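Worksheet: the structure to be examined is printed underneath.
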Amino acid sequence: MTFTKIATQADAIVAEIEQVIVGKTDTVRKAVVSLLCNGHVLLEDIPGVGKTTLAKALAKSIGGEFRRVQFTPDLLPSDITGSSIFNQKAGEFEFRAGPIFGNVILVDEINRATPKTQSALLEAMEERQVTTDGETRPLPRPFFVIATQNAIDMTGTYPLPEAQLDRFFSRLSLGYPDRANEARILGEQQVGHPLDLVQSVVTPELLLEMQSAVRDVFVHDSIRNYIVDVVRATRESSLLLMGSSPRGSLHLMRAAQANAALAGHEFVRPDDVKAMATAVLAHRVIARAELRAKGDTTEGVIERILEAVAAPVPVG
């Protein structure tokens, strides 16, 4: 598959999603980048800004099966993965698949479930399989998780452990629309919902081909070294208690490849790394108390690191 075709197909997915997610092109494109990298997205935002709509539109655009899991304090791991039920007619146990068996899974308010239930997602997200009753079952391909959590500390929430945060390929936010786009949303949804207009522009099989082809985007040694320098800078920053893991380096390289492919380029440029660094790295680091006291964010630290670390001269 040519990179021009990848760009064309990816642009078609973005265009379908933007029929319902208005004025958030950058976030939508980063979500598609994560999808092309076979990664998962953590959407940290307030209720009502379109997180569920984004997941549904993405699922429809790739012709995949959409499933939603509402996380609550009483949710059990088996409510996600499924369980074996005794069939009296057959005289044997049969497995009833849980909602994790789909192509695009919306995990709503992930931080409202207990840590035990949160951890049930780890194997699914990392290995694309679930193990129940001693038997391992593969999940459908493609498999893409969009998890949401409220950015505001509220009663009844359980913070995600660092190990689970690291499983997410990127952390994104939609935020409020501007005045003009909010007025447009009201007009478009006065008598209907644009989600009904979203059509499948690729098949799950074609998406798998695109995911494979993205890895063929050329990455020069100087770009790899640049990525390593950026990630190592997070470990050496005086503003952070913990820097990014090596998985962050790998995911940043993959994200840069996919970002380049979306532009139809055959090789990664420094700007591709810069475009995805905050989304890929900010949730993998832990801020010091003084940073939080100042109202600063880990995103701000990553931005300052990108300004401080010298980028290589673009190749080609």
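The values are calculated or read from the model by the stated rules, or taken from the named source; none is laboratory data. A quick note: this is a predicted structure, and the numbers were derived from the prediction, not measured. Neighbour counts are summed over all protein chains in view; Cβ atoms, including those assigned to glycine, are modelled from backbone coordinates with ideal geometry.
Any chance the range 247-262 includes a residue that's in contact (Cβ under 8 Å) with a residue 24 or more places away in the chain, part of a loop (DSSP other than H, G, I, E, B) and over 17 Å from the mean Cα position of the chain (by Cα)? Scanning the range 247-262 turns up no residue that is in contact (Cβ under 8 Å) with a residue 24 or more places away in the chain, part of a loop (DSSP other than H, G, I, E, B) and over 17 Å from the mean Cα position of the chain (by Cα). Of all residues in the range 156-209, those satisfying the criterion of being assigned to a helix (DSSP H, G or I), closer than 30 Å to Q118 by Cα and in contact (Cβ under 8 Å) with a residue 12 or more places away in the chain are E162, A163, Q164, L165, L195, P204, L207, L208.
Got a sec? Which of L241, L262 is surrounded by fewer than 19 Cβ atoms within 10 Å (Cβ to Cβ) and not assigned by TED's automatic domain parsing to the domain that holds M1?
Details: L262 fails: surrounded by fewer than 19 Cβ atoms within 10 Å (Cβ to Cβ).
Result of the check over L241, L262: L241.
Do we have R254 as surrounded by 19 or more Cβ atoms within 10 Å (Cβ to Cβ), farther than 26 Å from L291 by Cβ and not small (G, A, S) here? For R254, the condition - surrounded by 19 or more Cβ atoms within 10 Å (Cβ to Cβ), farther than 26 Å from L291 by Cβ and not small (G, A, S) - is met.
Given the criteria surrounded by fewer than 18 Cβ atoms within 10 Å (Cβ to Cβ) and closer than 24 Å to V280 by Cα, does T25 qualify?
On the way: surrounded by fewer than 18 Cβ atoms within 10 Å (Cβ to Cβ): yes; closer than 24 Å to V280 by Cα: yes.
So T25 passes the test.
In a residue-by-residue description of the range 74-88, the property of being among the hydroxyl-bearing types (S, T, Y), part of a loop (DSSP other than H, G, I, E, B) and farther than 20 Å from M276 by Cα applies to no position.
Checking each residue in the range 100-131 for being among the aliphatic types (A, V, I, L, M), within 18 Å of L42 (Cβ to Cβ) and in a strand (DSSP E or B) picks out V104, I105, L106, V107.
Being over 26 Å from Q9 (Cβ atoms), modelled with pLDDT under 95 and acidic (D, E) is true for just one of E205, E290, E266. Which residue is that?
On the way: E205 fails: over 26 Å from Q9 (Cβ atoms); E266 fails: over 26 Å from Q9 (Cβ atoms).
Residue meeting the stated conditions: E290.
The numbered conditions (1) loosely packed, with under 15 Cβ neighbours inside 10 Å; (2) touching a helix residue (DSSP H, G or I) at 6+ places or on another chain (Cβ under 6 Å) are all true for R235 except (2). The condition of being crowded, with 17+ Cβ neighbours inside 10 Å and either in contact with a His (Cβ under 8 Å, 6 or more places away or on another chain) or not in a helix (DSSP H, G or I) (or both) holds for only one of G48, G64, that being G64. So the check is Cβ under 8 Å with 6+ separation or different chains; which pairs have a first residue in the range 22-38 that's among the basic types (K, R) and a second one that's assigned to a loop (DSSP other than H, G, I, E, B)? What qualifies is K24/E18; K24/G50; K24/L174; K24/G175; K24/P177.
In the range 289-316, the residues that are in the same structural domain as S170 (by TED's automatic domain parsing) and surrounded by 15 or more Cβ atoms within 10 Å (Cβ to Cβ) form no Cβ pair under 9 Å with any partner that is modelled with pLDDT under 90 and not in a loop (DSSP other than H, G, I, E, B), whether six or more places apart or across chains. Here I223 meets each of (1) surrounded by 15 or more Cβ atoms within 10 Å (Cβ to Cβ); (2) outside the structural domain of M253 (by TED's automatic domain parsing); (3) among the β-branched types (V, I, T) with one exception, condition (2).
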